[in-house]
Structure formats: structure tokens, C-alpha cells
Amino acid sequence: MSDHILEMRGITKTFPGVTALQDVSLAVRRGEIHAICGENGAGKSTLMKVLSGVYPAGSYDGQIVFDGEPVGFRGIQDSEARGIVIIHQELALVPYLSIAENIFLGNERRGRGGLIDWHRTNAEAAALLRSVGLHENPVTPVIQLGVGKQQLVEIAKALSKKVRLLILDEPTAALNDVDSAHLLDLMRRLRDQGITCIMISHKLGEITAVSDSTTVIRDGRTVETLDMSDGAVTQDRIIRGMVGRDLAAFYPTRSVTPGDEVLRIEDWSVRHPTQDRLVVDRASLHVRAGEVVGIAGLMGAGRTELAMSVFGRAYGRDISGRLFLRGREVRARTVAEAIANGIAYATEDRKHYGLNLIDDVRGNVSAAALDKLARRGWIDGNREIQVAEQGRRDMNIKAPTVMSVVGKLSGGNQQKVVLAKWLFTDPDVLILDEPTRGIDVGAKFEIYTIVNRLVADGKAVVLISSELPELLGMCDRIYTLAAGRVTGEMPVAEATQENLMELMTKDRDLVR
Ligand SMILES: Nc1ncnc2c1ncn2[C@@H]1O[C@H](COP(=O)(O)OP(=O)(O)OP(=O)(O)O)[C@@H](O)[C@H]1O
Ligand SMILES: [Mg+2]
């Protein structure tokens with residue numbers, strides 16, 4: 001029996017106008033954790049969709065050998081029948097169904113007479129939950145779980161299908177450090193049970209920590225496969241493969257002296273839209289021109305809720321407190337008013353709020369500032385294209401043209417479209433909510449460079465990020481938020497991961 005459970009040879013996959021994969025090869029050893037990395041749009045997700053039959057046999061060129069046999073799957077059921085299970089980055093659970101129902105969806109546990117055997121369903125689900133280390137009741141609706149736990153439910157679901165090769169596409173992109181560590185541990189345990197894992201990730205620290213081999217893909221081609229076993233492969237080494245050169249630094253330097261105050265909120269409180277509790281509790285903060293101010297907090301601390309409520313009350317109810325722009329109190333009660341007042345908010349949730357996925361790059365980039373393109377009530381179409389082209393160049397968006405539909409771009413490139421859209425509104429204050437989630441290292445550097453350019457132009461930037469090194473690398477000053485309250489504020493020179501963490505967990509279990 002071959003040492004390899006999977007060999008993909010000479011895979012070529014094209015879409016109209018795009019060659020996503022060109023003669024790509026991948027060899028995965030039995031029982032290893034194999035990481036795939038590469039820049040946004042390199043072709044990682046496409047390769048895994050070819051493997052799992054999302055793109056069926058016949059729609060690509062090349063050969064796939066699984067377990068010593070040539071295979072060509074007609075669809076995802078077909079690959080699952082062979083034990084290949086893919087967990088996509090956008091989790092696919094049904095929110096209002098229970099954990100157990102989700103696990104056995106399409107694969108129901110039935111008793112005599114064909115009725116669903118709930119006792120068996122829940123009992124088997126409970127056993128699977130134990131095996132992934134999730135301590136939840138199987139009848140709990142999935143909507144009540146955070147993303148970290150949902151990810152574990154997806155894995156439990158994969159295990160119920162007798163998985164032999166588990167594919168995880170950016171599994172930790174939306175997870176905090178604690179949940180990520182838990183997931184990586186689980187992958188190690190699965191490996192010990194003989195399950196092979198393929199993991200796509202932009203988090204190079206995780207890759208060096210957990211993977212046995214790493215294949216690097218660049219521009220739709222395989223660059224190399226690195227043996228990670230002896231610990232000699234560093235993050236810098238992987239980056240060199242990804243971008244074809246060394247990256248001098250993770251964060252570009254900046255020398256801007258902050259000027260006048262641009263944004264201030266005082267005693268800002270926000271109530272949950274349906275529940276009777278405060279998600280932001282008397283928060284006060286300010287940002288000056290030329291300054292990057294970070295907001296650190298754990299999941300549920302109220303960071304996004306704070307930002308969205310400031311952005312024209314796009315979130316919450318009973319919002320109270322005062323909002324000042326350049327020293328003048330304003331009421332931005334709608335998103336349109338917020339934009340008119342020079343506030344922009346680039347969302348972390350690009351699928352739901354940030355983009356119109358069925359529209360093209362051009363339409364998305366111009367959407368938040370159409371009035372700038374209007375002449376006597378008509379949109380100047382040529383100008384719109386120029387603006388979108390400019391955005392595409394500035395952000396280095398990988399799309400064949402600005403007429404490309406955004407939903408077909410790779411995840412990281414969609415995120416860049418979100419940024420291009422808000423930059424075009426030319427805001428005084430730009431609030432960036434997890435702007436580099438799912439973004440490759442090279443593109444992160446580009447985004448940081450753009451942030452520096454903005455503050456050099458006298459703009460104010462608020463950066464919400466779950467990655468403390470990113471806050472420490474990019475901010476002038478950092479606020480910490482816990483349970484909706486500002487628990488600390490410090491210049492970056494005084495901040496460390498440890499003291500931030502301490503403030504982020506302060507009054508965490510406070511009952512209000
Ligand atoms: N359905 C599609 N139609 C047209 N083009 C597509 C489609 N899916 C992917 N592409 C293109 O193929 C290329 C590879 O995309 P893919 O999603 O595989 O990248 P990726 O490596 O997963 O990137 P990311 O890290 O941003 O997720 C990109 O240029 C993308 O725009
Ligand atoms: Mg992808």
C-alpha cells in the first residue's frame with residue numbers, strides 16, 4: 001500500500017477568463033496533517049473543491065488517486081461515500097436545528113417504520129460531541145453556539161460520516177486564541193486515530209505548530225512541499241515560498257504625530273436588539289487625526305456592537321450617549337447620516353453586510369458613495385469604472401476585471417473589495433472591524449500600508465482586531481473592552497499581550 005492516501009496530479013481548472021489551477025500536484029501521506037498555504041486567490045479552495053467533487057470529474061483536467069485508486073467524484077456525496085469530508089470556511093449548519101439534527105442531517109438515524117429514532121440520534125450525537133470535546137446538550141439549537149463550538153459540531157458531523165480525509169478550509173479564521181488552540185489539539189488527536197487532515201490556513205504560526213507537511217501554492221501552481229517534521233521550517237521560510245521573496249517586516253513603519261481630536265463618544269450605551277441587556281455600557285473613547293486606535297476584546301465583549309451603533313445606529317436599541325465629530329456634537333441616526341458625517345465602518349462580516357455578492361466589483365466599490373459619481377441625477381458610468389479600477393489597483397484586488405462578480409472572488413479578495421468601497425467614501429474616521437481576517441501575509445502588509453497612508457493624510461482609524469500582535473504592531477493607543485465596558489486604555493508602548501489580556505478578561509462574568 002502506498003505511503004500516500006491522496007495524490008492529485010497535474011490538476012488544471014479554469015473558469016471563464018481565469019485559470020485558477022495550472023498543473024497542480026499534491027501528495028498527502030496517510031495519517032498526516034498537511035497544510036496548504038498561499039496568497040489570496042492562489043487557488044487553495046478551488047483545489048479542495050476539485051478534490052471533494054464540488055467541481056465534478058470532467059470539469060477539470062488531471063488525475064486524482066485516493067487510496068491507490070483513480071477517482072473522479074460526481075459530487076460531494078460521492079466523495080463523502082469514500083470518506084473525504086470538506087468543511088468550508090463559511091460554516092453550513094442550519095441555525096434553528098439542534099446540534100444532533102445538524103450532525104445527522106441527510107443521514108438520519110431511523111428506527112422501525114422509517115421514523116427518526118430520536119433517542120438514538122441524541123445518544124449518538126452525545127458520543128460524537130464527547131469525542132470532539134464539546135460539552136453541550138445535543139438538543140441545543142446551533143444558533144445558541146459561538147463559531148468555535150459550531151466548528152466542533154461540523155467536525156462531529158464529519159466523524160459521523162466515517163471520515164478518513166478531513167479537509168478544513170481556514171478553520172480558525174473566525175476563532176479566538178482559546179478556541180483555535182482547542183481545534184488544533186483536536187486535529188492532533190484525530191491524526192493519532194489515523195484520520196488524515198488537510199488544513200488551509202493563513203495563520204502561519206498554527207501551520208508551523210501543527211502540520212507535518214506544508215504545500216505552498218502560488219498563482220495557481222504548486223511551488224513546493226515542505227517537510228515540517230524536524231521543526232526547521234520557519235514562518236519566514238513559508239512566506240518566501242508564498243510571495244517569492246522575503247518580507248522585510250510584518251508591519252510597515254509610520255511616523256505621524258497625532259493631531260486634533262476627530263471622534264469622541266461619551267457614556268455610550270447600547271441595548272441588545274431583542275434581549276433586555278446592555279451590550280455596550282457607558283463607553284467613552286476618542287480618536288485623533290493621524291492616529292490608529294485599537295479596540296481589544298474577547299468574543300462578546302461588544303466591540304462590533306459599539307462600532308456598528310456609532311455607525312448610524314446600525315445595531316442595537318435605546319442607544320444613549322454623545323457623539324462628537326471634530327468637537328461638534330452630531331446625531332448620526334442612520335447609516336446615510338453617518339457616512340455624510342465622515343464615518344465609515346468596514347465590517348468583519350463581509351457576506352452579510354459588507355458586499356452585494358451578486359454584483360460586480362464596480363458596483364460594490366461605488367455603492368456607499370454613489371452621490372460622488374452622480375451628475376444631474378445620473379451616475380457617470382465611466383467615472384464609476386475609473387474609481388473601481390483605482391480601487392482594484394490600490395488594493396491589488398485579484399479579479400479579471402472590475403466587471404467580475406464579487407461572489408466569485410476568493411475570500412481574501414472579497415475583503416479587499418470591502419476596504420476599497422469604504423475608502424471611496426473618503427471618511428474622516430474609518431472603523432475597521434477585523435480587516436485582515438482570512439487575508440494572506442502579503443496582503444496584510446498592503447492593508448497596513450493603506451492604513452498608514454490614511455493616517456498620514458490626517459484621517460483617524462479605529463482598528464478592531466482579535467489578533468493582539470496586529471494591534472500591538474499597528475496602533476498608537478489601545479482600548480480594552482470587556483462585557484461592554486471600557487476596562488483600560490494605554491499607549492502602545494505600555495501594552496503587552498499579557499496586560500491587554502488581563503484587561504480584556506476583567507469583569508467578564510459580571511451580571512447586569
Ligand atoms: N466560481 C468561480 N468562478 C470564477 N472564478 C473563480 C471561481 N472560484 C474561484 N475563482 C477564481 O479562482 C482563483 C482562485 O480562487 P480560490 O478561491 O481557490 O483562492 P484561495 O487560494 O482559496 O484564496 P483565499 O485565501 O482568498 O481564500 C481566484 O482568482 C478566484 O477569483
Ligand atoms: Mg479560499
LYS408 being within 16 Å of ligand 2 (Cβ to nearest atom), surrounded by fewer than 21 Cβ atoms within 10 Å (Cβ to Cβ) and under 18 Å from the mean Cα position of the chain (by Cα): yes
Count - residues of segment 54-90 that are more than 15 Å from ligand 1 (Cβ to nearest atom) and within 24 Å of LYS162 (Cβ to Cβ): 23
So which residues in segment 156-186 are in contact (Cβ under 8 Å) with a residue 60 or more places away in the chain and within 16 Å of ligand 2 (Cβ to nearest atom), if there are any at all? ILE167, LEU168, ASP169, GLU170, PRO171, ALA173, ALA174
Looking only at segment 17-74, how many residues end up being more than 21 Å from ARG221 (Cβ to Cβ), of a type in the set (Phe, Trp, Tyr) and in contact (Cβ under 8 Å) with a residue 40 or more places away in the chain? 1
Hand me the list of strands (runs of 3 or more DSSP E) wholly inside segment 193-268 holding 2 or more residues that are in contact with a Gly (Cβ under 8 Å, 6 or more places away or on another chain). 213-218, 221-227
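Evaluate segment 478-492: report whether one residue or more is under 25 Å from VAL243 (Cα atoms), away from ligand 1 (no atom under 16 Å from the Cβ) and buried (at least 23 other Cβ atoms within 10 Å of the Cβ). Even if it seems obvious, please write down each step before you answer.
Within segment 478-492, the first condition is being under 25 Å from VAL243 (Cα atoms), and the residues that meet it are none.
Looking through segment 478-492, none of the residues is under 25 Å from VAL243 (Cα atoms), away from ligand 1 (no atom under 16 Å from the Cβ) and buried (at least 23 other Cβ atoms within 10 Å of the Cβ).
Where in segment 316-416 are the helices (runs of 4 or more DSSP H), entirely inside, with at least 2 residues that are within 26 Å of PRO273 (Cα to Cα)? Step through it out loud before you land on a result.
Values: elements: 335-340, 361-366, 381-395.
So the answer is 335-340.
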Quick check on ILE143: is it in the same structural domain as GLY53 (by TED's automatic domain parsing), within 16 Å of ligand 1 (Cβ to nearest atom), of a type in the set (A, V, I, L, M, F, W, C) and modelled with pLDDT under 95? no
In the set ILE155, ILE200, ILE103, ILE195, which member is of a type in the set (A, V, I, L, M), under 17 Å from the mean Cα position of the chain (by Cα) and under 23 Å from GLY53 (Cα atoms)? ILE200
Could you list all residues from segment 153-180 that are more than 15 Å from ILE103 (Cα to Cα), of a type in the set (A, V, I, L, M) and at pLDDT 90 or above? LEU165, LEU166, ILE167, LEU168
Taking the condition at pLDDT 90 or above, within 30 Å of ILE265 (Cα to Cα) and of a type in the set (S, T, N, Q), does THR334 pass? yes
Within segment 373-420, tally of residues that are charged (D, E, K, R), in contact with a helix residue (DSSP H, G or I) (Cβ under 9 Å, 6 or more places away or on another chain) and in contact (Cβ under 8 Å) with a residue 24 or more places away in the chain: 4
Inter-residue pairs, beta-carbon under 8 Å, first in a helix (DSSP H, G or I) and in segment 475-494, second basic (Lys, Arg), 6+ apart: VAL492/ARG477
Which members of segment 207-223 meet the condition of being acidic (Asp, Glu) and at negative phi? ASP212
Restricting attention to segment 72-84, report how many residues are at pLDDT below 95 and either within 19 Å of SER201 (Cβ to Cβ) or of a type in the set (Val, Ile, Thr) (or both). 1
For segment 269-305, the count of residues that are of a type in the set (Lys, Arg) and not in a strand (DSSP E or B) equals 2
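Return yes when LEU471 is under 19 Å from MET308 (Cα atoms) and surrounded by 20 or more Cβ atoms within 10 Å (Cβ to Cβ) and no when it is not.
no
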When you scan segment 8-49, how many residues do you find that are surrounded by 22 or more Cβ atoms within 10 Å (Cβ to Cβ) and hydroxyl-bearing (Ser, Thr, Tyr)? 1
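Can you tell which of GLY10, GLY41, GLY53, GLY17 is in contact with a helix residue (DSSP H, G or I) (Cβ under 7 Å, 6 or more places away or on another chain), over 23 Å from ARG237 (Cβ atoms) and in the same structural domain as PRO171 (by TED's automatic domain parsing)?
Working: GLY10 fails: in contact with a helix residue (DSSP H, G or I) (Cβ under 7 Å, 6 or more places away or on another chain); GLY41 fails: over 23 Å from ARG237 (Cβ atoms); GLY17 fails: in contact with a helix residue (DSSP H, G or I) (Cβ under 7 Å, 6 or more places away or on another chain).
From the options GLY10, GLY41, GLY53, GLY17, the qualifying one is GLY53.
If you take the residues in segment 431-456 that are aliphatic (A, V, I, L, M) and away from ligand 1 (no atom under 12 Å from the Cβ), which one is nearest to LEU306 (Cα to Cα)? Give the derivation first.
Looking only at segment 431-456, we keep the residues that are aliphatic (A, V, I, L, M), and these are 431-432, 439, 441, 443, 447, 450-451, 454-456.
After this cut, where a residue has to be away from ligand 1 (no atom under 12 Å from the Cβ) as well, the list is 431-432, 447, 450-451, 454-456.
Working: ILE431: 11, LEU432: 12, ILE447: 23, ILE450: 24, VAL451: 21, LEU454: 22, VAL455: 22, ALA456: 26 Å.
This residue is ILE431.
Give the residue, chosen from ARG189, ARG218, that is within 16 Å of ligand 2 (Cβ to nearest atom) and not β-branched (Val, Ile, Thr). Explain how you work it out, then say what you get.
Working: ARG189 fails: within 16 Å of ligand 2 (Cβ to nearest atom).
Only one candidate passes the filter, namely ARG218.
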Within segment 60-75, can one find any residue that is aliphatic (A, V, I, L, M) and either surrounded by fewer than 14 Cβ atoms within 10 Å (Cβ to Cβ) or under 20 Å from GLY146 (Cα atoms) (or both)? no
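Tell me yes or no: at least one residue of segment 21-40 is of a type in the set (Lys, Arg), farther than 26 Å from GLN415 by Cα, away from ligand 2 (no atom under 16 Å from the Cβ) and part of a strand (DSSP E or B). If you could, list the steps in order and put the result at the bottom.
The first filter runs over segment 21-40 and keeps only residues of a type in the set (Lys, Arg), leaving 29-30.
Restricting the remaining residues to those that are farther than 26 Å from GLN415 by Cα gives 29-30.
Adding the requirement that they be away from ligand 2 (no atom under 16 Å from the Cβ) leaves 29-30.
Checking the rest, the ones that are also part of a strand (DSSP E or B) come to 29.
Scanning segment 21-40, I find at least one residue that is of a type in the set (Lys, Arg), farther than 26 Å from GLN415 by Cα, away from ligand 2 (no atom under 16 Å from the Cβ) and part of a strand (DSSP E or B), so the answer is yes.
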Please verify whether segment 417-440 includes one or more residues that are in contact with an Asp or Glu (Cβ under 7 Å, 6 or more places away or on another chain), within 16 Å of ligand 2 (Cβ to nearest atom) and of a type in the set (D, E, K, R). yes
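The values are calculated or read from the model by the stated rules, or taken from the named source; none is laboratory data. Small disclaimer: the values here were computed from a predicted structure and weren't measured. Please note: Cβ atoms are built from the backbone with ideal geometry, for glycine as well, and neighbour counts cover all protein chains shown.
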